[in-house]
Amino acid sequence: MEIGALNMQEVASPDADCRGDLGAAWFAPLRPWIAHSDPRTSGRLDLSLLNRFAAARGVRTEDGLPLRFVEAWPTSAAAYEGSIGASGAVPTRTHGPGMLHDWFNALAWLAFPRIKARLNRLHREALATITACTGGPAAGGGATDGPGASGVMPARRGPLRDAATLLDENGALFACSDPALAANLRNRDWQSLFLDARERFAASVTVQVLGHGLHEKLLAPYKAACAHAWIVAVPFGVPAGRQRDALDATVAAQLRADTLCVANLCPLPLLGVPGWWPANVDAALERVGRSPVAARRRRRRRKVRTPQGRMLANGQAQQAARPRATESGTESTPPKRCRFAGTDGKGEMVR
């Protein structure tokens, strides 16, 4: 299915309750199936129901095998991806730890079957290439898959599988008909993207969350929730009912070994998306995309004025506050307090 144009108005109302309920905007792509299959009350995932949904949706692998969800077993990443490619069977945890994660994975297959099938193929091809070249599992840069069935930590995934994993676990689709807004996202200019261009955003952008790990986190949303966004340049105006499937087909065709890389995934603070969180009408939410690590560095660099009038960085002030050794022993003086400027102008530091 080709994407001709996009109706950007299929976004949840700003009045929607966004406090982690299944009606929140980030769950919109999953809406046809999510409420019917919710396992949180029973504590068990109904695989037969999910398989009926998959059959009705016609979900298949890229090799044309019908997809089905089966009881999980301890396995490695290579065996997991291989099971899907060889038989269409997706190992799925039906209870206990991992149940919600695998529930959202199944829902992602239902919502974005072409993208999920393409990611599976990319994983399998990368694994096959590395195995053929080295005679063993993936080596080189990148994160690891975690321990396999044997409990042995495998070698690293490599850059292609790193990017595929980020999109699969934490991805979102940023479909945009306004190049300036796409540039704002790439430049992490949240003020321009979310506040200055708020009306243009609503008319020109739709965001659909793809990552099943991210969906699990958004059951309890938090201000710093951030997706890895794949930007899709689209013209304006397709029927709303075809929006998700049109994006699914378009993005699946774009994902190749030479295009899918971490550099092409842009950080997107989800609670800043207009209409997705009631508080984001406040200009203070411009800070939503700031890195916690960068914030800690800024706090360490912040200057503190001592009673003697000297300006010290926080670390220097803390060093100066330590007891000093003297000829008669350790000098012990009562701590003095001085004001420092925090983000809200409040707070004290002991020196």
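The values are calculated or read from the model by the stated rules, or taken from the named source; none is laboratory data. These numbers come from a predicted model, not from an experiment. For neighbour counting, all protein chains shown are included, and Cβ atoms are generated from backbone atoms with ideal geometry for every residue, glycine included. Ligands, DNA and RNA are stripped out before the accessible areas are found, and what is left, the full protein with its side chains, is counted by its heavy atoms. Shrake-Rupley method; radii C 1.70, N 1.55, O 1.52, S 1.80 Å.
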Scope region 43-53; condition assigned to a loop (DSSP other than H, G, I, E, B) and crowded, with 18+ Cβ neighbours inside 10 Å; matching residues: Leu45
Within region 175-205, residues open to solvent by 40 Å² or more (accessible area, probe 1.4 Å), of a type in the set (Asp, Glu) and either modelled with pLDDT under 90 or not in a helix (DSSP H, G or I) (or both) come out as Asp189
Checked against (1) modelled with pLDDT under 80; (2) open to solvent by less than 10 Å² (accessible area, probe 1.4 Å), Leu271 satisfies every condition except (1)
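Could you run through region 84-93 and say how many residues are open to solvent by 20 Å² or more (accessible area, probe 1.4 Å) and within 15 Å of Ala117 (Cα to Cα)?
Within region 84-93, the first condition is being open to solvent by 20 Å² or more (accessible area, probe 1.4 Å), and the residues that meet it are 86-87, 93.
Within this subset, residues satisfying the condition of being within 15 Å of Ala117 (Cα to Cα) are 86-87.
Within region 84-93, residues that are open to solvent by 20 Å² or more (accessible area, probe 1.4 Å) and within 15 Å of Ala117 (Cα to Cα) number 2.
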Kindly indicate the residue of region 215-243 that is in a helix (DSSP H, G or I) and farther than 20 Å from Leu166 by Cα and also modelled with the highest pLDDT among those meeting that condition. Gln243
Single residue of Ala56, Ala35 found to be surrounded by fewer than 19 Cβ atoms within 10 Å (Cβ to Cβ), among the aliphatic types (A, V, I, L, M) and either in contact (Cβ under 8 Å) with a residue 60 or more places away in the chain or closer than 27 Å to Leu122 by Cα (or both): Ala56
Do you know which of the residues in region 160-174 that are within 13 Å of the chain's Cα centre (by Cα) and of a type in the set (A, V, I, L, M) is most open to solvent (accessible area, probe 1.4 Å)? Leu166
Tally up the residues in region 22-32 that are in contact with a Leu (Cβ under 8 Å, 6 or more places away or on another chain) and either among the hydroxyl-bearing types (Ser, Thr, Tyr) or buried (at least 18 other Cβ atoms within 10 Å of the Cβ) (or both), please. 5
Region 36-73, residues that are of a type in the set (Gly, Ala, Ser) and over 12 Å from Ala89 (Cβ atoms): Ser37, Ser42, Gly43, Ser48, Ala55, Ala56, Gly58, Gly64
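Tell me, which helices (runs of 4 or more DSSP H) wholly within region 66-160 include 1 or more residues that are farther than 30 Å from Ala246 by Cα and modelled with pLDDT under 95?
Working: elements: 77-87, 99-111, 113-134.
Where helices (runs of 4 or more DSSP H) fall fully within region 66-160 and carry at least 1 residues being farther than 30 Å from Ala246 by Cα and modelled with pLDDT under 95, they are 77-87, 113-134.
Any chance region 206-214 includes a residue that's more than 24 Å from Arg118 (Cα to Cα) and not in a helix (DSSP H, G or I)? So that I can check it myself, show each step before the final result.
Here is the first cut: in region 206-214, the ones more than 24 Å from Arg118 (Cα to Cα) are none.
There is no residue in region 206-214 that is more than 24 Å from Arg118 (Cα to Cα) and not in a helix (DSSP H, G or I).
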With Ala224, Ala233, Ala197, Ala203 as the choices, which residue is without any contact (Cβ under 8 Å) to a residue 40 or more places away in the chain and within 18 Å of Leu185 (Cα to Cα)? Ala197
